[in-house]
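Have a look at the structure below before the remarks.
The values are calculated or read from the model by the stated rules, or taken from the named source; none is laboratory data. On a predicted model such as this, the values are computed, not experimentally measured, just so you know. No Cβ is skipped: glycine too gets one built from the backbone with ideal geometry, and neighbour counts run over all protein chains shown.
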Amino acid sequence: MSVIGFLDYASVFIFALTGGLAASRQQLDIVGFAFIACLTAVGGGTLRDLLLNRDTIFWIAQPTYIGVACAAALVVFVTAHLFESRLKTLIWLDSFALAVAVSAGTGVALALDQPALVVVLMGTITGCMGGLLRDVVLDDVPVVLRQGELYVTAAFAGATVAVLTRPLFAEPLIALALCSGVTWALRAGSLAFGWRLPVYKSRPPRQ
Amino acid sequence: MSVIGFLDYASVFIFALTGGLAASRQQLDIVGFAFIACLTAVGGGTLRDLLLNRDTIFWIAQPTYIGVACAAALVVFVTAHLFESRLKTLIWLDSFALAVAVSAGTGVALALDQPALVVVLMGTITGCMGGLLRDVVLDDVPVVLRQGELYVTAAFAGATVAVLTRPLFAEPLIALALCSGVTWALRAGSLAFGWRLPVYKSRPPRQ
Amino acid sequence: MSVIGFLDYASVFIFALTGGLAASRQQLDIVGFAFIACLTAVGGGTLRDLLLNRDTIFWIAQPTYIGVACAAALVVFVTAHLFESRLKTLIWLDSFALAVAVSAGTGVALALDQPALVVVLMGTITGCMGGLLRDVVLDDVPVVLRQGELYVTAAFAGATVAVLTRPLFAEPLIALALCSGVTWALRAGSLAFGWRLPVYKSRPPRQ
């Protein structure tokens with residue numbers, strides 16, 4: 001299995017876990033778990049493949065991705081009661097999924113020789129859109145937009161690092177590893193230590 | 001007209017009726033009715049066609065689909081006050097639209113010789129996504145996710161039946177009829193008799 | 001730059017301004033501004049390009065569109081406190097973006113020799129979907145659906161005017177200018193003078 005294939009599988013599995021946790025908070029049945037898990041897991045990569053006009057969406061070419069997502073949903077259905085806080089677990093798992101998915105999206109776009117800005121955007125979209133779809137469908141506040149947390153920022157920074165470091169190493173894996181590392185470090189620092197960018201707050205929102 | 005073409009038209013018309021009913025509950029004007037009707041009616045099939053990378057989206061190839069959806073919107077605009085409960089009517093109509101749309105999606109994917117799992121997923125997506133889009137845009141609880149009802153489950157089961165029975169009969173119509181029958185029976189049983197899968201409820205959701 | 005290219009840039013810039021204003025109401029950080037600005041700015045045209053199966057999405061072919069959207073986000077981040085009412089500014093800016101985007105969508109579909117109804121739909125979709133995505137992601141009431149205002153109606157009317165007047169003039173720009181003019185006039189008239197179509201209101205919504 002290629003490195004990008006492995007990254008896709010890993011991000012699918014971890015995002016599917018977060019989808020299952022979100023479904024458990026809504027008390028859905030097992031098929032609801034699987035549905036939200038699949039939506040979260042393949043949503044970002046599907047959008048990436050549609051935008052890049054790839055001949056076949058990655059999970060249609062290899063439906064085992066769907067099997068992996070459903071397996072993750074089942075794992076959560078059986079074990080979710082073991083977690084002290086499902087929301088906290090969800091958010092931390094989501095940080096790993098984000099880090100891996102940004103690499104997966106970046107890797108695909110790099111392999112297609114897209115221009116640098118497009119590569120960065122594909123990494124960002126692949127990372128952020130699965131969680132966005134999960135939250136919009138379940139009518140939660142999208143984690144992408146939670147005030148003053150680094151999320152899109154982390155994805156964007158990680159993908160940028162991949163593009164900047166790719167020419168430095170013969171082995172593409174190094175740039176992708178740096179990408180995941182930077183993405184996760186920024187996201188985790190935001191969750192653990194409150195790292196953030198200044199928010200817009202000159203005045204409260206008015207009607 | 002081919003069988004699949006007829007199924008597409010029928011599901012477009014019935015889903016458009018549900019879109020019109022949803023619009024009536026929001027008291028939109030006639031163009032709002034038509035907009036929601038079209039979104040609901042062609043949303044699932046459009047996603048199917050995008051994912052399968054078909055050369056032309058079905059309603060761009062044949063814009064009469066849009067005319068059918070707009071006609072349904074007009075019918076509802078004129079007659080919605082005749083229904084005792086528009087929500088109840090909407091939900092039951094939606095069950096028929098689901099049953100027909102799952103067959104339409106399954107039939108297209110079967111005709112393209114997709115692998116079994118992809119066929120099942122295309123049937124499920126075509127059936128479920130139109131109603132999901134309708135409910136997300138109108139900010140209702142997606143019918144797909146209503147706690148403890150069979151919806152995705154019904155679609156998935158119906159599409160699976162189509163894939164399993166297709167090799168048994170020379171006439172493809174039979175497998176699609178079984179597909180619609182199973183989908184509708186499960187959905188209707190869930191609405192009428194409370195059939196459901198066990199939901200996840202080991203603990204109430206916490207923050 | 002072609003006329004259609006200019007229209008695309010103009011609608012991207014103005015829609016991005018509205019995305020930035022919506023982000024300021026949610027007190028996001030600068031990357032959140034850029035994210036919502038890009039989503040709003042390129043959402044409608046991206047859907048148009050996907051549906052028409054164009055080889056390359058317009059902003060992947062020319063990533064400067066993304067730069068324009070981010071510049072608009074930065075402008076709003078720095079200046080939003082100067083506006084007396086950000087919501088009112090947003091809604092009026094949105095009316096200009098709508099007028100320009102309908103022309104951009106219509107122009108692309110006309111250039112691809114699509115049938116008349118498809119041209120009208122592409123103009124309407126390009127105009128309306130960016131704002132719809134913005135509002136769904138931020139969980140606002142979609143401006144597309146605000147009760148009794150002309151929005152989809154204005155887009156639809158403008159696109160129809162473009163299709164009807166295109167054969168009358170050798171210069172395609174004239175039809176597109178009429179399209180933008182009619183779209184904006186109807187939308188602005190709705191905002192300023194309360195122009196509207198009759199809404200469905202035979203009975204209040206019931207459960």
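A few comments on the model shown:
- Within segment A:74-103, residues that are of a type in the set (Val, Ile, Thr) have Cβ atoms under 7 Å from residues that are not in a helix (DSSP H, G or I) in these pairs: A:Thr89/A:Phe83, counting only partners at least 6 apart in sequence or on another chain.
- Filtered residues of segment A:8-45 (kept if surrounded by fewer than 24 Cβ atoms within 10 Å (Cβ to Cβ), within 8 Å of another protein chain (Cβ to nearest Cβ) and touching a residue at least 24 places away in the same chain (Cβ under 8 Å)): A:Arg25, A:Gln26, A:Ile30
Rundown of residues vs (1) part of a helix (DSSP H, G or I); (2) polar (S, T, N, Q); (3) at pLDDT below 90, yes/no style:
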{"residue": "C:Gln27", "(1), (2), (3)": "no, yes, yes"}
{"residue": "C:Ala37", "(1), (2), (3)": "yes, no, no"}
{"residue": "C:Val42", "(1), (2), (3)": "yes, no, no"}
{"residue": "C:Leu50", "(1), (2), (3)": "yes, no, no"}
{"residue": "C:Asp55", "(1), (2), (3)": "no, no, yes"}
{"residue": "C:Trp59", "(1), (2), (3)": "yes, no, no"}
{"residue": "C:Ala71", "(1), (2), (3)": "yes, no, no"}
{"residue": "C:Val76", "(1), (2), (3)": "yes, no, no"}
{"residue": "C:His81", "(1), (2), (3)": "yes, no, yes"}
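- Residue check for C:Asp29: touching a Phe, Trp or Tyr at 6+ places or on another chain (Cβ under 8 Å), among the charged types (D, E, K, R) and under 21 Å from C:Ala177 (Cα atoms): no
- Among the residues of segment A:48-79, those that are hydroxyl-bearing (Ser, Thr, Tyr) and either within 27 Å of C:Asp55 (Cβ to Cβ) or crowded, with 23+ Cβ neighbours inside 10 Å (or both) comprise A:Thr56, A:Tyr65.
- Of the residues making up segment C:29-46, those that are within 23 Å of C:Ala101 (Cβ to Cβ) and in contact with a strand residue (DSSP E or B) (Cβ under 9 Å, 6 or more places away or on another chain) number 1.
- Only residues that are surrounded by fewer than 21 Cβ atoms within 10 Å (Cβ to Cβ) and more than 28 Å from B:Lys88 (Cα to Cα) were counted in segment B:164-190, giving 11.
- Residue within segment A:120-139 that is over 20 Å from C:Phe35 (Cβ atoms), within 14 Å of chain B (Cβ to nearest Cβ) and part of a helix (DSSP H, G or I) present: no
- Qualifying residue in segment B:183-191 (condition: at pLDDT below 90 and part of a helix (DSSP H, G or I)): no
- The single condition from (1) within 11 Å of another protein chain (Cβ to nearest Cβ); (2) within 24 Å of B:Ala154 (Cα to Cα) that A:Asn53 fails is (2).
- Yes/no for A:Thr124 being over 16 Å from A:Leu191 (Cβ atoms), without any contact (Cβ under 8 Å) to a residue 40 or more places away in the chain, touching a helix residue (DSSP H, G or I) at 6+ places or on another chain (Cβ under 6 Å) and crowded, with 24+ Cβ neighbours inside 10 Å: yes
- If the condition is being touching a residue at least 12 places away in the same chain (Cβ under 8 Å) and β-branched (Val, Ile, Thr), then segment B:166-202 contributes B:Val182, B:Thr183, B:Val199.
- The sole residue among A:Arg166, A:Arg187, A:Arg196 that is over 26 Å from A:Ile4 (Cα atoms) and of a type in the set (D, E, K, R) is A:Arg196.
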